[in-house]
Amino acid sequence: MQPSEALQQSLDHALKQHGFRSDAGQFLRQIDTALEAIRAPRPASLSAAEKDALASVGALAEEADETPRLQAAALRMALLQDSVPVAEAARLCGVKDSRIRQRLIDGSLLGLRSASGRDAWRLPAFQFDGGRELPGLGQVLKARRPGCDTLAAASFLITPQPDLLAETGEPMTPRDWLATGGQAAAVIELIAGI
């Protein structure tokens, strides 16, 4: 699908305005990839009674609110747009690429699979600050419940939390809390609850 010239120009402008290097075509391909990654499974054919039962509780994909899925796709796209490949993460952490892959597998770093390139892993850049990994991040991510996926953890880390207050009294994101020297234990306690 090729966007109209006006839509392409609007998207290009919006992307540049928000600091993205992608053009409209790359952006639309990322949307397609993100939507495919979070696509609800298609159920086998259901009887009319089964469809009615599922629809009555909002569980039928055609009847369900799509907002959470669209938000997940948007978050995934934003994380991929502002991410680093394994080699760059390894350089920032002062380790070999293989160690970064091990940490992706053990859950002490967040990563998303990208459909492009030889190395499909991309690591959201918010995990790094000042040319290094956020202090305590590995411990925080290891404290997640088993069902807490990458998008849920990322959303938590970049959303201000009322239990993490700056000196001004304003809620801080767990990411900023760690970056400014806040105790990882406070974030571990919170992430264990999501």
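Each value in this text was obtained by applying a stated rule to the coordinates, not by laboratory testing. None of these values were measured; they are calculated from a predicted model. Neighbour counts are summed over all protein chains in view; Cβ atoms, including those assigned to glycine, are modelled from backbone coordinates with ideal geometry.
In terms of Cα to Cα distance under 28 Å, which lysines are near enough to K142, apart from those fewer than 8 places away along the same chain?
Those lysines meeting the cut-off are K96.
As a test of the formula, what do you get for the chain when each DSSP H run with n ≥ 4 contributes -39,500 (n - 2.57) and the sum is divided by the residue count, at 222 nm and rounded to the nearest 500 deg cm²/dmol?
Details: 10 runs with 97 residues, N = 194.
After summing the helix terms and dividing by residue count, I get -14500 deg cm²/dmol.
Place the peptides 166-172, 73-79, 19-25 in order of packing, highest mean first, counting for every residue the other Cβ atoms within 10 Å and averaging per peptide.
Numbers: 166-172: 11.0, 73-79: 19.4, 19-25: 14.0.
Result, highest mean Cβ count within 10 Å first: 73-79, 19-25, 166-172.
Dimensions of the chain along principal axes (Cα, Å, largest first)?
Here the spans come out as 55, 42, 39 Å, largest first.
Between the range 81-98 and the range 129-180, how far is it from one alpha carbon centroid to the other, in angstrom?
That distance is 19 Å.
Could you run the Karplus curve 6.51 cos²θ - 1.76 cosθ + 1.60 with θ = phi - 60° over the range 10-25 and give me ³J(HN,Hα) per residue in whole Hz, x for Gly and Pro?
Per residue, the Karplus-derived 3J(HN,Hα) values read 5, 5, 4, 5, 4, 5, 5, 4, 9, x, 8, 8, 5, 9, 4, x Hz.
Using the crude model of +1 on Lys and Arg Cβ and -1 on Asp and Glu Cβ, and no other charge, please compute the dipole size for the range 80-191 relative to its Cα centre, in debye to 20. List each step's numbers first, then the result.
Working: 13 positive and 13 negative charges, 131 e Å.
In debye, rounded to 20, the range 80-191 gives about 620.
Please report, in whole Å, how far the alpha carbons of the range 80-191 spread along each principal axis, starting with the longest.
That works out to 45, 30, 23 Å along the principal axes.
Rounded to the nearest 0.05, what FRET efficiency do R99 and H18 have when you use their Cβ-Cβ distance and R0 = 41 Å?
0.80
So which trypsin sites (Lys or Arg not before Pro) in the range 94-144 pass both tests, a DSSP loop state and at most 13 other Cβ atoms within 10 Å of the Cβ? Before the final figure, lay out the partial values.
On the way: sites: K96, R99, R101, R103, R113, R118, R122, R132, K142, R144; in loops: K96, R118, R144.
Of the trypsin sites (Lys or Arg not before Pro), the ones in loops of the range 94-144 whose Cβ has at most 13 other Cβ atoms within 10 Å are K96, R118.
Could you tell me which residue out of A74, Q183, H13 lies farthest along the dipole of the chain toward its positive end? Charges go on the beta carbon: Lys and Arg +1, Asp and Glu -1, centred on the Cα centre.
Q183
Over the range 46-189, what relative contact order in percent results from Cα pairs under 8 Å that are six or more residues apart? It would help to have the intermediate numbers written out before the result.
Values: 160 pairs, mean separation 26.0, N = 144.
Averaging sequence separation for qualifying contacts and normalising by length gives 18 percent for the range 46-189.
What full-extension length gain, to one decimal in nm, is calculated for D52 and E189 as 0.36 nm per residue of separation minus the Cα-Cα distance? The partial results should precede the final answer.
Numbers: separation 137, 0.36 × 137 = 49.32 nm, distance 4.11 nm.
So the extension gain works out to 45.2 nm.
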